[in-house]
Amino acid sequence: MTRPVPRIPIKDLRHYFLTGIATLLPLSVTVFAFWFIVARLGNMFRPLFHLHPALARMPGWSATLAGFVLFLLIVLLVGWIATGLIGRLTLGWLDKLLKHVPIVKSIYTSARQLTDAVFVTKSSLRRTVIAEYPRKGSYAIGFLTTDNRVTLADGNRAVFVFFPTTPNPTSGWLAIIPEGDVTATTMSIEEGLKMVVSGGVIAPGHFSLGDESGR
């Protein structure tokens, strides 16, 4: 006598399916994005390899990988040169030149602002805070951008708070808010950015408000 085949409830199948999607999707996106970057950047230098007979016989995947390694070496070389005195002077002169060339200056300025926002803004943030913004009763996570204070017309001191957007923290609003209306938090800059980018999905377990304002 054969045993009856056990039936799996529909709700369990749905749970297994959603769990599988949640597990595979981040891995698939990560692998695809990594290979896309490697392939795009690596193929930039493949035409150079055809100039040498030995390199021209390389398999396609190895030529792509070699091109990507060459790209990384060039980036490291440029970074090393840019940190020196001559490099800083040259890049400063080139920066001024590109900002005065018609059409080119708009593209270069936008790209420059984007890279500054990604690589510089984070280091320029001072503290993660919470303030009523953009209206009373609505709270938003922001970041102090400077330790300096300004004096308002009523004599109260105010701070500069940057409120990034979700999920792109490179854009947002800068507000000048009275110091007493800004509440400090126990979150680090990294934790605050993760919370903003994730839309609140990723929140630190020890999240709490400080006892003082954003001082």
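The values are calculated or read from the model by the stated rules, or taken from the named source; none is laboratory data. Keep in mind that what you see is a predicted model, and the values were worked out from it rather than measured. No Cβ is skipped: glycine too gets one built from the backbone with ideal geometry, and neighbour counts run over all protein chains shown.
Under the condition of being surrounded by 12 or more Cβ atoms within 10 Å (Cβ to Cβ) and without any contact (Cβ under 8 Å) to a residue 12 or more places away in the chain, which residue from region 57-68 is farthest from Asp95 (Cα to Cα)? Spell out how you get there, then give the answer.
Start the filter on region 57-68 by keeping residues that are surrounded by 12 or more Cβ atoms within 10 Å (Cβ to Cβ), which leaves 58, 62-68.
With the extra rule that they be without any contact (Cβ under 8 Å) to a residue 12 or more places away in the chain, the set shrinks to 58, 62.
Details: Met58: 38, Ser62: 36 Å.
Among residues in region 57-68 that are surrounded by 12 or more Cβ atoms within 10 Å (Cβ to Cβ) and without any contact (Cβ under 8 Å) to a residue 12 or more places away in the chain, the one farthest from Asp95 (Cα to Cα) is Met58.
Hey, can you tell me all the residues within region 127-178 that are exposed (fewer than 12 other Cβ atoms within 10 Å of the Cβ) and in contact with a Gly (Cβ under 8 Å, 6 or more places away or on another chain)?
Within region 127-178, Pro167 is the sole residue that qualifies.
Name, by its number, the condition in (1) in contact with a helix residue (DSSP H, G or I) (Cβ under 8 Å, 6 or more places away or on another chain); (2) modelled with pLDDT of 80 or more; (3) under 30 Å from Met44 (Cβ atoms) that does not hold for Gly87.
Only one criterion is unmet by Gly87, namely (2).
What are the pairs, 6+ residues apart or on separate chains, where a residue within region 27-50 that is more than 11 Å from Phe71 (Cα to Cα) and at pLDDT 80 or above has its Cβ under 9 Å from a residue that is among the polar types (S, T, N, Q) and assigned to a helix (DSSP H, G or I)?
Ala39/Thr64
So for region 201-213 (the condition being over 24 Å from the mean Cα position of the chain (by Cα), closer than 30 Å to Pro26 by Cβ, among the hydroxyl-bearing types (Ser, Thr, Tyr) and at pLDDT below 80), does at least one residue qualify? Break it down stepwise before answering.
Residues of region 201-213 over 24 Å from the mean Cα position of the chain (by Cα): 208-213.
Filter again for closer than 30 Å to Pro26 by Cβ, leaving 208.
When the remaining residues are screened for being among the hydroxyl-bearing types (Ser, Thr, Tyr), the result is 208.
Now narrow it down to the ones that are at pLDDT below 80: 208.
Yes; the residues of region 201-213 include at least one that is over 24 Å from the mean Cα position of the chain (by Cα), closer than 30 Å to Pro26 by Cβ, among the hydroxyl-bearing types (Ser, Thr, Tyr) and at pLDDT below 80.
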